[in-house]
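The values are calculated or read from the model by the stated rules, or taken from the named source; none is laboratory data. Only a predicted model underlies this, so the values are computations on that prediction, with no experimental measurement involved. For neighbour counting, all protein chains shown are included, and Cβ atoms are generated from backbone atoms with ideal geometry for every residue, glycine included. Remember, those area values only see protein heavy atoms, side chains included, never the ligands or the DNA or RNA. Shrake-Rupley method; radii C 1.70, N 1.55, O 1.52, S 1.80 Å.
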Amino acid sequence: MAGETVIKPDLDFIKRIVAAGGDTAKKCYQCDTCSVVCNLSPDNKPFPRKEMIQAQWGLKDVLKSPDIWLCHQCSDCTVYCPRGAKPGEVLAVLRQMAIEHYAFPSLLARLVGDIKFLPLLVLFPVLLLLFVLKALGVLGVRVAEGLTHQGLAIPKGTIIYSKWFPTLAIDAIFLGAAAFAVFVFFQGVKRFWNDINVNPWTVRLKGGIVKNLVAVLTDILAHNRFKKCETTFARSLNHLMVVFGFIFLAVVTGTAFLLEWVFHIESPYNLFSHLWWLKVIALMGTGLLLYGIYQVYLARQANAEKAGPGTYFDWQLIYLVAAVGLTGALSYGLRALLPIPVLAYPVYFLHLVCIFCLFFYAPFTKLAHLVYRTVAMLYARMSDRGF
Ligand code: SF4
Ligand code: SF4
């Protein structure tokens, strides 16, 4: 029949939405209150009502929609939904599934999203780092004047982490992990961009990518859209602190890398050396990260009744960021303030494991929203959808 549209629901897709925490989607009766109350939804084809019916009917193409990324999970729609369908949380589940859909290999994404596999995922960097330490000892690598590496044994004397885990070995491991993440993100973004540009409702994109990307990144850094949320308004400030905590720490890491390998300036740079400012930025970054993530934790608990308790996928990133900040602060404290080698080195080891998990698994965790949301916002801006 002319003009007929055949809808093919994917029952397995519906089951996966339910299993991931989106079981409330079935309660939606399409009243559209959610799209009306959402301050971030554009007038043209607004969300999240249409995504709710796509989820309910098992229409898998919803994972290709840029709109699921424009949602900042503020929960305004969830609070006003007369059916308790929790559209904000359903969109969060769809984003998790989109990350899984675009990630490569998708099996790793499934493992990351399932708490059962957490021990296995942590074991990987633990074994890798232990293997490297052991190998450095077996190979008799020189770590300082007249000192060869002792393998897994904790070094005696003043605590200097680089004499136990040489900077070169750390840089090689973490650059490898970062390169893997960049490669996976590149593949995912390429597929996502292609998908949104063949979407039936795609419009002509306007303007240059670079100019629009700068505008989008400026918008993200200022958290302009996040600030429009009402129910969980404080989240924008908490999120901002975490983001700037990471930016400060990235500046420190990048500068330390340049000092070491380009300018050949020896560490340690502590509060009393000529590079004291670097340590100050590192302390500020760690402070912002820890305080911000603690506020995120408190806000989530406080809003649990209104916005839902959150899924494992949500909490996983919060705990991982907290673990990175805590082990980093403890590594510093146990080295510089209260030197206890038998504690300092294992805590430092844990810190390395946490950072590895953050980098290596980034394309599969909620952290991937950083990349996909930026792409979706760029697309929205270039297609005149509410920017
Ligand atoms: S999710 Fe709730 S508010 Fe939105 S259309 Fe469905 S029933 Fe209405
Ligand atoms: S959670 Fe907030 S941003 Fe997302 S659809 Fe609902 S109201 Fe809009």
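Can you tell me the relative contact order of segment 11-103? Whole percent, Cα pairs under 8 Å, sequence separation 6 or more.
The value is 35 percent.
Restricting to Cα pairs below 8 Å that are 6+ residues apart, what does the relative contact order work out to for the chain? Please round to a whole percent.
So the answer I get is 22 percent.
Considering the Cα positions of segment 11-103, please state its Rg to one decimal place and its Dmax as a whole number of Å.
11.8, 35
For the ranges 311-321, 131-141, what's the packing order if you count other beta-carbon atoms within 10 Å of each residue, average per peptide, and put the highest first?
Peptide ranking by packing, descending: 311-321, 131-141.
A 25 angstrom limit on the alpha carbon distance is what I want to check against. Which of 8/50; 26/228; 15/86; 228/279 exceed it?
Pairs exceeding 25 Å: 26/228; 228/279.
May I ask you to give the percent of accessible area on segment 109-382 that is carbon plus sulfur, with a probe radius of 1.4 Å?
Exposed carbon and sulfur together represent 73 percent of the surface.
Quick one: if you stick a label point 7 Å off each Cα along the C-beta vector at residue 182 and residue 23, how many nm between them?
4.3
What are the residues whose amide H is under 5 Å from the amide H of residue 143, where those residues sit 5 or more places off or on another chain and H is modelled from the backbone?
148, 149
Can you figure out the FRET efficiency of residue 222 with residue 80, using R₀ = 25 Å and their beta-carbon distance, to the nearest 0.05?
0.40
In 10 Å bins starting at zero, report the fraction of Cα pairs in the chain per bin as a rounded %.
All Cα pairs, binned at 10 Å, distribute as 5, 20, 30, 23, 13, 7, 2, 0, 0 percent.
With the cut-off at 1.5 for a/c, could you classify segment 25-67 from its C-alpha gyration tensor as rounded, prolate or oblate?
Oblate.
Mean Kyte-Doolittle of at least 1.6 and a Cα length of 24 Å or more along the axis: which whole DSSP H helices of the chain meet both?
Helices passing the filter in the chain: 118-138, 341-360.
Take every Cα-Cα distance within segment 138-232, group them into 5 Å bins from 0 onward, and report for each bin the whole-number percent of pairs it holds.
Taking all Cα pairs of segment 138-232, the binned fractions are 2, 9, 10, 11, 12, 10, 9, 7, 7, 9, 8, 4, 2, 0 percent.
How would 57, 193 rank on accessible area, largest to smallest, probe 1.4 Å?
Heavy-atom accessible area, descending, gives 57, 193.
Treat each spin label as a single point 7 Å out from the Cα along the C-beta direction, and report the residue 148 to residue 117 distance in nm.
4.1
Ignoring ligands, DNA and RNA, what percent of the accessible area of segment 4-98 is carbon or sulfur (1.4 Å)?
Result for segment 4-98: 54 percent of the exposed heavy-atom area is carbon or sulfur.
Using Cα springs under 10 Å in a Gaussian network model of the chain, which residue among 60, 116, 27 shows the largest mean-square fluctuation?
Most flexible of the set in this elastic network: 116.
Per DSSP H run of at least 4 residues, take -39500 (n - 2.57); add these up for the chain, divide by its residues and hand me the 222 nm value, nearest 500 deg cm²/dmol.
The helix contribution divided over the chain gives -19500 deg cm²/dmol.
Taking amide hydrogens as modeled 1.01 Å from N in the peptide plane, which residues meet the under 5 Å criterion relative to residue 231, leaving out close sequence neighbours?
Here the answer is 76, since their amide H atoms fall under 5 Å of that of residue 231.
Is segment 68-167 best put as rounded, prolate or oblate by its Cα gyration tensor, with a ≥ b ≥ c the root eigenvalues, rounded for a/c under 1.5, and otherwise prolate when a/b is larger than b/c, oblate when not?
prolate
Place +1 on the Cβ of every Lys and Arg and -1 on the Cβ of every Asp and Glu in the chain, take the dipole about the Cα centre, and give the residue among 123, 155, 376 whose Cα lies farthest towards its positive end.
376
In a Gaussian network model over the chain where Cα atoms closer than 10 Å are linked, find which of 108, 358, 259 has the largest mean-square fluctuation.
The residue that fluctuates most here is 259.
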